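Worksheet for the structure shown next.
The values are calculated or read from the model by the stated rules, or taken from the named source; none is laboratory data. All of these numbers come straight from a predicted model, not from anything done at the bench. We place every Cβ from the backbone using ideal geometry, glycine too, and count neighbours over all the protein chains shown.
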Amino acid sequence: MYINRIIEENIGPIENAQMVMPFNEKCPKPVIIVGENGTGKSTIISNIVDSFYEIAGTAYLDARKQGKTVGYEYYKSITPIEIHAGKQYLCSYIKYEDEDRELSAIEYVFKSGMLDANEFKSRIGITSQIAWKKDENFKHTTVDKENAEKFLEQEILCYFGPDRYEKPFWMGKQYYETMEYEHITVKPRFNGEMELPILINGMTAKTLQWLLDVIVDSRGDIESDGNGGVRLENVTPNDVMSLGVARKNIEKIMSNIIGEDVYFGLNFRSARGSRFNIKRKKDNSLLIPSLDSLSTGQSALFNMFATIVRYADTVNINNSIHLSDIKGIVVIDEIELHLHSSLQREVLPKLIALFPKIQFIITTHSPLFLLGMEEEFSEDGFEIYQMPGGIRINAERFSEFQKAYTYLTNTQQYEHDIYEAIKMKQDKMLVITEGTTDWKHMKAAYNALSQMEEYKDIFSGLEFEFLEYEPKNSSKGNGPRLEMGNTQLCPLCENMAKIIQPRKTVFIADRDHPGTNTKMEGKNDELYKNWGNNVYSFTLPVPSNRTETPEICIEHLYPDNIIKTEIETENSNIKRRLYMGNEFDSRGYAADLGVFCEKKTVCGPGKINIIEGSSGERVTLLSDENVNVALPKMTFANMILEKKVPFDNIDFSSFIAIFEVLKKIINDESV
């Protein structure tokens, strides 16, 4: 019995979402529900789980908790508060069907507000016998006691909520709270009562007890055969072999999680500590002394999938021997909780694939998990639905998650590269600038100003070195290739300030981003910010000619005539230069110059944005839009650093303030 169809109308953020559950022949495909926070993922999950309770409650007395007065208390209350803004009703409809047609189909309805039953059924195309009054709150499932019992005696229902939690071994019992009252069960044991909870948390103790049972069942009594050999007693070899497969299946789950082949061992009863341990197959060495010694992520993952097997094993002991035969529905909200990236991408999909007849319904925020599912199941082996519309995401849309993963891996590589580059610089105070051109302008200014007699007091004893780097796509030089905009500079500064640095490290940011200014500049007119641990930062000092437009970048330390200096190009008929936003009108036109700026947002009166010749910021001739006359910032910086004509005699006086701040930092003796 599987969920075949879900219809959600006007519930919370969901206005209309319809999902027909996918199957591959008779096996259900995993369904992944994604979306931003507040788009209805948990709303759908809550309705599915509520249908579990209503089905179980039809068969067993204790499936639904008794109310304080009369009757039972709903798992999910019916309330008009959830009705989507501006609508008159909410309705959730879920249909279960048995692929083998042995059990009757089951329908579940959850409704509040003004909704006519016949109109609803006609609109969604069902012929259900369920009926309700138009203005009543209504909840109902069509299953009878006999079918509910058959369903729950043959298959499993599990819900792993976002509050699932495994108590660390070091935490005192009084500080670990579980909500036992929510543990409804799905298998009859005594007089119509149930045993296995639908909502699951705090699994370790039960998992361990069950594992000990599995290990015991997989062993046989050994006796002498009277001829110098041994024989099994009280059990058949076939039984030991079969029950041994069950143990190996659970060991396979653990091996996938840990990343190496392991088996479960038992300490002697006289040994202190845990009776249970985990050992390496290759050399029988002890790997993990107890289940409590797993990491939080490993423990959560193992307990989740071991619980699936344990539930199925309780229904039918053969299920733990043949994992591929386990049937049922498993709902997991925020599956990536507690899990490292490798567990999300590489391990989770492999574990899900062990259970082809389980209908997994999963919510996630993790692009890594989705990428792993695509790799394990192929694009057609599972389906992704995006909320709040319940729209299936196709392969083209899936590329967004690939981009997210690429961004993550690039970020990890960037962090490695930047720290390796910093390690190479160990002798003097290190200065790290925003952008690959900033250090070049400052170095050119230092080379010129430090040789001038009038500034000898500033530069005397001012020993430092720049982190000299080139852009990622550069072929110039042998130094590191990094990206260092404000979005990289600020986090790097914050991270380095968390631990003491072996020498002073100074971060210098442009002043063209208000958020960066707030983080990086000194408070109360202080020239710099002392982060502690030998880390300092400041923003570019504003020269006297920019006080009315203080949101500056490095090029604004030059006079306008230097910024606008034209240079010859390989095509002698075309001259290129940097432009400023105030040279154009708000439409991007500079008719007097005969040019047009492609990036209109940086153009207009009062704007001093530096406009260069890179893609998206080109300045083209009005007479020929294919001719770009804007100079790249990098070309401008390299020519100044190399003192190439016409930049061989530059006025660097506005840079003096930078070196004055660096001198104060060198002399700063505070910790």
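If you filter region 356-365 down to residues that are surrounded by 23 or more Cβ atoms within 10 Å (Cβ to Cβ) and under 18 Å from residue 256 (Cβ atoms), you find that the one that is farthest from the chain's Cα centre (by Cα) is 358. When 636, 647, 655 are screened for being in contact with a helix residue (DSSP H, G or I) (Cβ under 6 Å, 6 or more places away or on another chain), within 30 Å of residue 475 (Cβ to Cβ) and surrounded by 20 or more Cβ atoms within 10 Å (Cβ to Cβ), only 655 passes. Please note which strands (runs of 3 or more DSSP E) are completely contained in region 553-671 and include at least 2 residues that are closer than 28 Å to residue 516 by Cβ. Answer list for region 553-671: none. If you take the residues of region 295-331 that are touching a Ser or Thr at 6+ places or on another chain (Cβ under 9 Å) and assigned to a loop (DSSP other than H, G, I, E, B), which of them is modelled with the lowest pLDDT? Applying the filter and picking the extreme gives 321.
Matching residues to (1) in a strand (DSSP E or B); (2) modelled with pLDDT of 70 or more; (3) not aliphatic (A, V, I, L, M):
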position	(1), (2), (3)
208	no, yes, no
219	no, no, yes
223	yes, yes, yes
227	no, yes, yes
235	no, no, no
240	no, no, no
243	no, yes, no
254	no, yes, no
257	no, yes, no
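Once region 491-513 is narrowed to residues that are of a type in the set (Lys, Arg) and more than 26 Å from the chain's Cα centre (by Cα), the residue that is farthest from residue 442 (Cα to Cα) is 503. One residue stands out in region 476-517 among those that are within 23 Å of residue 530 (Cβ to Cβ) and among the acidic types (Asp, Glu): the one that is surrounded by the most Cβ atoms within 10 Å (Cβ to Cβ), namely 510. Please find, within region 606-660, the residue that is modelled with the lowest pLDDT out of those that are of a type in the set (Lys, Arg) and closer than 28 Å to residue 592 by Cα. Filtering region 606-660 for residues that are of a type in the set (Lys, Arg) and closer than 28 Å to residue 592 by Cα, the one modelled with the lowest pLDDT comes out as 618. Taking the criterion of being over 40 Å from the mean Cα position of the chain (by Cα) and touching a residue at least 40 places away in the same chain (Cβ under 8 Å), the residues of region 145-161 that qualify are 145, 147. Taking region 379-496 and the helices (runs of 4 or more DSSP H) fully enclosed by it, the elements with 3 or more residues that are modelled with pLDDT under 90 are at 395-423, 486-496. The set of residues in region 81-96 that are crowded, with 18+ Cβ neighbours inside 10 Å and out of contact with any helix residue (DSSP H, G or I) (no Cβ under 6 Å at 6 or more places or on another chain) comprises 82, 83, 84, 89, 91, 93, 95, 96.
Remark: pairs (first residue in region 576-601, over 20 Å from residue 636 (Cα atoms); second residue hydroxyl-bearing (Ser, Thr, Tyr); Cβ separation under 6 Å; 6+ apart in sequence or on different chains) = 596/589; 596/620. Every listed requirement among (1) out of contact with any strand residue (DSSP E or B) (no Cβ under 6 Å at 6 or more places or on another chain); (2) without any contact (Cβ under 8 Å) to a residue 24 or more places away in the chain; (3) among the basic types (Lys, Arg); (4) crowded, with 16+ Cβ neighbours inside 10 Å is met by residue 607 save one, (2).
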